[in-house]
Amino acid sequence: MATENQNPKREENYAIKALNLTKKFEALIAVDNISFNISKGEIVGILGPNGAGKTTTIRLLTGIFKLEGKASIEIFNEDITKNLSRYKINFGIVPEVSNAFSDFTVWQNLKFSGGVYGFPKEKIEKRSKELLEQFGLIEKIHSKTKALSKGLKQRLNFCLALLHEPSILILDEPTSGLDPISVKLMRDRILQLKKEGKTILITTHDMQEAQTICDRILIMNRGKIIADESPDTIRERFKSTSTIRFKISGILSNDQKASLMDTFESIKKIKEYYSISSYDVLKDISTLFNYSKAKNVEISDFKVEETSLEEVFIHLIKEDSSSMGGLEK
């Protein structure tokens with residue numbers, strides 16, 4: 001059973017320490033007294049269904065929403081309430097929808113952003129060209145933002161977020177709706193930024209993305225954290241079975257069918273595939289091929305599928321929702 005992480009592990013080397021975060025909108029509790037730490041150089045994903053509290057949590061962390069009650073946030077050991085503007089410089093934020101000026105060119109957006117941070121002209125030019133090269137935008141330097149595709153706009157968002165060389169990146173659905181080439185570029189850059197020492201917090205609905213790039217994931221539902229572990233640990237902890245899938249060449253006789261059903265109680269057939277829910281994969285594979293040899297049955301297109309993170313995610317959300325009498329309307 002997943003439990004809330006209300007007492008996060010103490011980390012001496014953390015970038016973010018959040019305690020008792022709560023946010024209410026009249027009768028709705030959007031974030032319900034959650035706590036977590038993020039270590040320096042760690043990639044942490046926040047997953048959850050719509051309305052789980054992911055965006056509200058990000059807005060609390062970035063100072064858009066005021067902290068309530070006993071809530072506190074420390075960034076690199078500094079209480080954000082003491083100097084909000086100073087701590088904000090640590091963040092680079094990539095929103096799901098581009099926040100660049102649509103009538104500005106790519107270059108004008110970067111020049112304006114650099115000016116906001118008080119950078120001298122030479123630094124803006126040097127840093128901007130480096131980022132445009134990294135994100136494959138150098139040829140679009142004089143294109144207006146509104147003329148860019150969604151993928152190119154998102155690349156520009158990354159450039160704007162990284163221009164001032166922040167220590168922490170906040171990514172809100174960074175690859176949502178992008179083409180495969182842009183997705184790969186974004187994920188590769190995110191992993192490279194981790195190697196460079198950046199701390200990254202990412203919200204995503206893409207389970208493959210979470211499993212591929214995140215060191216840890218926080219699964220949220222109805223304002224609470226219901227799981228806080230590495231993707232592999234969560235998947236292993238909730239994995240009760242694997243699935244063995246295979247085809248059989250030819251048509252089984254009644255004796256062969258009966259023997260197969262007797263050998264595996266959990267066996268099912270969907271179209272041309274048979275599937276076996278297995279608690280002991282090696283043992284069941286051995287049993288299957290012993291059956292094949294004894295009954296002169298040819299096994300083809302054989303594969304073993306482990307429980308996916310997506311299946312675990314769905315299980316956890318359903319379990320949490322059912323424990324509280326279903327999802328609130």
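Readers should treat all values here as calculations from the given coordinates under stated rules, not as data from a laboratory. Because the structure is predicted, anything quoted here is derived from the model rather than measured. Don't worry about glycine lacking a Cβ; one is built from the backbone with ideal geometry, like all the others, and counts go over all protein chains shown.
Below is a table of values for the structure above.
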quantity: GluC sites (Glu not before Pro) within region 206-313: DSSP coil, no more than 16 neighbouring Cβ in 10 Å; calculated: Glu265, Glu272, Glu306
quantity: Qualifying lysines (Cα of each under 17 Å from Cα of Lys40; at least 8 residues distant if same chain); calculated: Lys9, Lys17, Lys88, Lys194, Lys195, Lys198
quantity: Partner lysines for Lys318 [C-alpha distance under 22 Å; skip if fewer than 8 residues away on the same chain]; calculated: Lys54, Lys224, Lys239, Lys329
quantity: Among Ile80, Tyr117, Asn20 - extreme Cα towards positive end, dipole of region 1-130, charges at beta-carbon; calculated: Tyr117
quantity: FRET efficiency, Ser277 to Glu26 (Cβ-Cβ, R0 41 Å, nearest 0.05); calculated: 0.35
quantity: Percent RCO, i.e. relative contact order, over region 242-305, from Cα pairs under 8 Å lying at least 6 residues apart; calculated: 57 percent
quantity: Spatial extent of region 242-305: Rg and Dmax, with the Cα atoms as the point set, Å; calculated: 10.7, 28
quantity: Cβ-based charge dipole, the chain, positive-most Cα from Ala294, Ile217, Leu160; calculated: Leu160
quantity: C-alpha center-to-center spacing [region 38-92, region 161-226] in angstrom; calculated: 15 Å
quantity: Convex hull of Cα atoms in the chain, direction-averaged projection (nm²); calculated: 22.1 nm²
quantity: Dipole in debye (nearest 20) - the chain, about Cα centre, beta carbon charges: Lys, Arg +1; Asp, Glu -1; calculated: 920 debye
quantity: Gain on full stretching of the segment that runs from Ile89 to Lys269 - 0.36 nm per residue minus C-alpha separation; calculated: 59.1 nm
quantity: Relative contact order of the chain, pairs being alpha-carbon contacts under 8 Å that are 6 or more residues apart, as %; calculated: 20 percent
quantity: DSSP bridge pairs, the chain: antiparallel proportion in percent, nearest 5; calculated: 65 percent
quantity: Calculated FRET efficiency for the pair Tyr117/Asn50, C-beta based, R₀ 30 Å, to 0.05; calculated: 0.35
quantity: Extension reserve of the Lys195-Asn99 stretch, reckoned as 0.36 nm per residue once the Cα distance is removed; calculated: 31.9 nm
quantity: Computed lengthening from Ser253 to His205, 0.36 nm per intervening residue step minus Cα-Cα distance; calculated: 12.7 nm
